[in-house]
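Asks: Can you read through this structure? Questions will come right after.
The values are calculated or read from the model by the stated rules, or taken from the named source; none is laboratory data. Owing to the predicted nature of the structure, the values given are computational and were not obtained by experimental measurement. Here the Cβ positions follow ideal geometry from the backbone for every residue, glycine too, while neighbour counts run over all protein chains shown.
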Amino acid sequence: MRRLLDVGINRLSNLLHDMSRVSQECVAMAIDAYLSNRSIVQEVYTRTNQLAILKEEVNDLAVELMIRYQPVAADLRFISSCMEVAYDLVRFGRYAYDIAQIREQFGDLGNCDKGMIASMAEIVSKMLEDSITAFNSKDEGLAERLIRIDDAVDSSYRNNLKRIVDDGMDLRCALSSVLVMRYLERIADHAVYIGELVRYMVSGERAR
Amino acid sequence: MDMRLWSLISKDYSYAEKVDMQGSEEVTVEVDDDGMNGKMVLEGRGLGVLYANKYAIKDVNIKIVRNTITAIIGPSGCGKSTLLRCFNRMNDLLDARIEGEILFNDYNIYSNGINVAEVRRLIGMVFQKPNPFPTSIYNNVAFGLRINGFKGDIDEQVEYALREAALWDEVKDRLNDNAYSLSGGQQQRLCIARALAVEPEVLLMDEPTASLDPIASARIEQLITRLKEKITIVIVTHNIQQAARVSDYVNVMMVDENMIGRLIESGPTREVFESPKSKVTEDYISGRFG
C-alpha cells in the first residue's frame, strides 16, 4: 500500500539526489582547477548557493512530513538523516569553495608540487562518491568501509604535514598545500558522517 | 538471583479490608534478577485467555513498571483489551478461562482465595466511553468510598480525587448536579476521579480518549502524564501517536495465523518507535497495515 508519506519521502530522496550531484560537481571542479592551476571560484560559488537553497527545501519538506505524518521507525530515521545529510552535502560544497579560493588568495601555484594533494584528492573524491552511493542504496557495508578509509586519510594528512615541514617547501606552496589538505580531510570526515547516518538508517544504531 | 523481602500489600489501607492472603503477610521469595526487581508492579507470565475454548491471547509475558505509563497497541481484535482486563480480573465477568499468572506486587491475583473486589480497588479501570452513574457528581466519586467502608472524611476524599483528575475547579460549585450534565471529556475525568478516590496503585485505561475531541483528549493525556507520579498506568490505545506521546513503555500485540493475539514486541517507547526490532511492528506503527 503506497502511503501519502511515501510520496513525500520520494520527493525528499530526489532532492538529496540533486544535492549529491551538485556537491560532487563542486568538489571535482575545485580539485581539478587547483591541480591544473585554474581559477574556478565563481562556478563553484554558484553551485554552493544552489546547495544552500536545496538544503532549505530538504529541511522544509522534512519538517512538513514530520508535522503531517508523525513518521516513526525507518521512516523517522530516514527523514531525520536526510536533514543531517543535507548539511554534510552543503559542507562538501563549502570546502570545495574554500579550495577554489586558494588560487585567488595565493595567485599562480603552477610551480608547486601537487603530487601529495592529487593522491589524497583521489581517495577523498572516492569517499565522497561512496558515501552518496551508500546513502542512496542504504549500503551498510560500504558505509563501514568509509570509516576505515578515513583513518588512512587522517594518517596521510599527518604524514604530508610532516613532509612539508621537513622538506622546507616554498612558503606559498606549503601554506596552500596545507590548507587544501585540511579541506580534503574535512570532506572525508563529512563522508564518514554520512556513512554513520547510513548505519543509523539501516540498523537504528547511532554513532557514539 | 536476588533474595528480597516483600510485602503482599504495598500500602497500609486504613479503610478497607486487605486482600485475603494465604499465609503470612511477609514472605521471602527468589525472583529472577533482570534489573527490574522492585520496579515492577504487575507482571503477566505465560498468560493465555480462552473464550469458549478458543484462545484470544496466548503465551503473553509482560512486565509493568511502577510509576510509569505502559501503552498496549495493536490492530483491532489482537487482544489488547483482553490482556488489559486480565490485570484486574475483569475477564472473570466474561466467562473467560485464564492460563498462566498475573503477579501484582509479586502475588498472583488469580490465586485461590483472593478478594477480587479488593484487586479491582487496587487496580482500577477506566473505559472507552465515559460511564458515570446516573447520580450527582459528588455521589459518583463517593460511591467507591462508601462501598469500601472508607473511614475518613468523604468530602475531603472527593475533593482530593476531583483535584487529582483536574476536574475540581470546573465542578466545585455544582457537585450536586447530575453527572450527565457534564461534557464528554468532563465525564471521562469524573470516571478517572471515581477510580482515583479509592487510591488505586494501578489504573487501567481502555482507549480512554477514543470518544473525545482533540482538546478533551489532550487534557486526559496531560492528566495521565501527571498521575504517573503517584500511580502506574496501563493504557490500551488505537492511537499510535498517543502511545508515542504519553507512554514510557510500549507493548505491541498482533494476531498470529490462527487469529490468536500475541505480544510481539515490548520496550521503551523511544526504542520501539525509533528502531523496532520486529518487522511486523515496523509495518504496523508506520501505517503499512492494520
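Asks: Enumerate the pairs (first residue in region B:99-118 and closer than 21 Å to residue B:39 by Cα; second residue anywhere and of a type in the set (S, T, N, Q)) with beta-carbon separation below 6 Å, excluding pairs fewer than 6 apart on the same chain, so at least 6 apart or on different chains.
Replies: B:101/B:108; B:105/B:10
Asks: Within region A:1-16, restricting attention to residues that are loosely packed, with under 13 Cβ neighbours inside 10 Å and part of a helix (DSSP H, G or I), which residue is nearest to the chain's Cα centre (by Cα)?
Replies: Here the residue is A:14.
Asks: Yes or no: residue B:164 of a type in the set (Asp, Glu), within 23 Å of residue B:230 (Cα to Cα) and surrounded by 20 or more Cβ atoms within 10 Å (Cβ to Cβ)?
Replies: Yes, satisfied.
Asks: Continuing with the same structure: Please determine, by comparing only the residues of region B:202-231 that are aliphatic (A, V, I, L, M) and over 20 Å from residue B:64 (Cβ atoms), which one is surrounded by the fewest Cβ atoms within 10 Å (Cβ to Cβ).
Replies: Ranking the candidates gives B:215 first.
Asks: Now, a different point. Here is a check on your reading of the model: is residue A:162 farther than 30 Å from residue B:272 by Cβ, in a helix (DSSP H, G or I), over 18 Å from the mean Cα position of the chain (by Cα) and free of Cβ contacts under 8 Å to residues at least 40 places away in the same chain?
Replies: When the stated conditions are applied, residue A:162 passes them.
Asks: Okay, next question. Residue under question is residue A:47, and the condition is that it be over 30 Å from residue A:163 (Cα atoms), part of a helix (DSSP H, G or I), modelled with pLDDT of 95 or more and charged (D, E, K, R); does it hold?
Replies: Considered against the rule, which asks whether it is over 30 Å from residue A:163 (Cα atoms), part of a helix (DSSP H, G or I), modelled with pLDDT of 95 or more and charged (D, E, K, R), residue A:47 comes out as yes.
Asks: Kindly establish whether residue B:194 is charged (D, E, K, R), surrounded by 21 or more Cβ atoms within 10 Å (Cβ to Cβ) and in contact (Cβ under 8 Å) with a residue 40 or more places away in the chain.
Replies: So residue B:194 fits the description; yes.
Asks: Pull up region A:49-81, narrow it to residues that are more than 11 Å from every other protein chain (Cβ to nearest Cβ), free of Cβ contacts under 8 Å to residues at least 40 places away in the same chain and within 18 Å of residue A:201 (Cα to Cα), then point me to the one that is nearest to the chain's Cα centre (by Cα).
Replies: Per the criteria, the residue is A:59.
Asks: Among (1) at pLDDT 95 or above; (2) outside any helix (DSSP H, G or I); (3) touching a Lys or Arg at 6+ places or on another chain (Cβ under 8 Å), there is one condition residue B:162 misses while meeting the rest; what is its number?
Replies: (2)
Asks: Oh, and also: Looking only at region B:254-290, filter to residues that are over 11 Å from residue B:74 (Cα atoms) and in a strand (DSSP E or B); which one of those is farthest from the other protein chains (Cβ to nearest Cβ)?
Replies: B:266
Asks: Check every one of the strands (runs of 3 or more DSSP E) wholly within region B:1-110 and list those with 1 or more residues that are hydroxyl-bearing (Ser, Thr, Tyr), out of contact with any Leu (no Cβ under 6 Å at 6 or more places or on another chain) and at pLDDT 55 or above.
Replies: So the answer is B:40-51, B:54-65, B:69-73.
Asks: While we're looking at this one, here's another question. Which numbered condition in (1) without any contact (Cβ under 8 Å) to a residue 12 or more places away in the chain; (2) outside any loop (DSSP other than H, G, I, E, B) is the only one that residue B:217 fails?
Replies: If we test residue B:217 against (1) without any contact (Cβ under 8 Å) to a residue 12 or more places away in the chain; (2) outside any loop (DSSP other than H, G, I, E, B), just (1) comes out false.
Asks: Suppose we keep only residues that are polar (S, T, N, Q) and assigned to a helix (DSSP H, G or I) within region B:111-146. Which one would you say is farthest from residue B:66 (Cα to Cα)?
Replies: Checked region B:111-146; the qualifying residue farthest from residue B:66 (Cα to Cα) is B:139.
Asks: From (1) part of a helix (DSSP H, G or I); (2) out of contact with any Gly (no Cβ under 7 Å at 6 or more places or on another chain); (3) surrounded by 23 or more Cβ atoms within 10 Å (Cβ to Cβ); (4) touching a residue at least 60 places away in the same chain (Cβ under 8 Å), pick out the condition that doesn't hold for residue B:234.
Replies: Among (1) part of a helix (DSSP H, G or I); (2) out of contact with any Gly (no Cβ under 7 Å at 6 or more places or on another chain); (3) surrounded by 23 or more Cβ atoms within 10 Å (Cβ to Cβ); (4) touching a residue at least 60 places away in the same chain (Cβ under 8 Å), residue B:234 violates only (1).
Asks: Next question. Name the one entry in A:180, A:198, A:153 that is part of a helix (DSSP H, G or I) and under 20 Å from residue A:79 (Cα atoms).
Replies: After applying the criteria, what remains is A:198.
Asks: Kindly provide the set of residues from region B:237-256 that are surrounded by fewer than 19 Cβ atoms within 10 Å (Cβ to Cβ) and modelled with pLDDT of 95 or more, ordered by number.
Replies: Within region B:237-256, B:248, B:255, B:256 qualify.
Asks: Here is a follow-up. State whether one or more residues within region B:202-210 are within 14 Å of another protein chain (Cβ to nearest Cβ) and outside any helix (DSSP H, G or I).
Replies: No; the residues of region B:202-210 include none that is within 14 Å of another protein chain (Cβ to nearest Cβ) and outside any helix (DSSP H, G or I).
Asks: Quickly run through region B:42-68 and pick out the residues that are surrounded by 18 or more Cβ atoms within 10 Å (Cβ to Cβ) and charged (D, E, K, R).
Replies: Of everything in region B:42-68, those that are surrounded by 18 or more Cβ atoms within 10 Å (Cβ to Cβ) and charged (D, E, K, R) turn out to be B:43, B:58, B:63.
Asks: A further question follows. Given the options B:201, B:207, name the one that is farther than 27 Å from residue B:153 by Cα, in contact with a strand residue (DSSP E or B) (Cβ under 8 Å, 6 or more places away or on another chain) and not hydrophobic (A, V, I, L, M, F, W, C).
Replies: B:207
Asks: A follow-up question, please. Return the residues of region A:169-208 that are β-branched (Val, Ile, Thr), more than 14 Å from chain B (Cβ to nearest Cβ) and surrounded by fewer than 21 Cβ atoms within 10 Å (Cβ to Cβ); say none if nothing qualifies.
Replies: A:178, the sole residue that qualifies.
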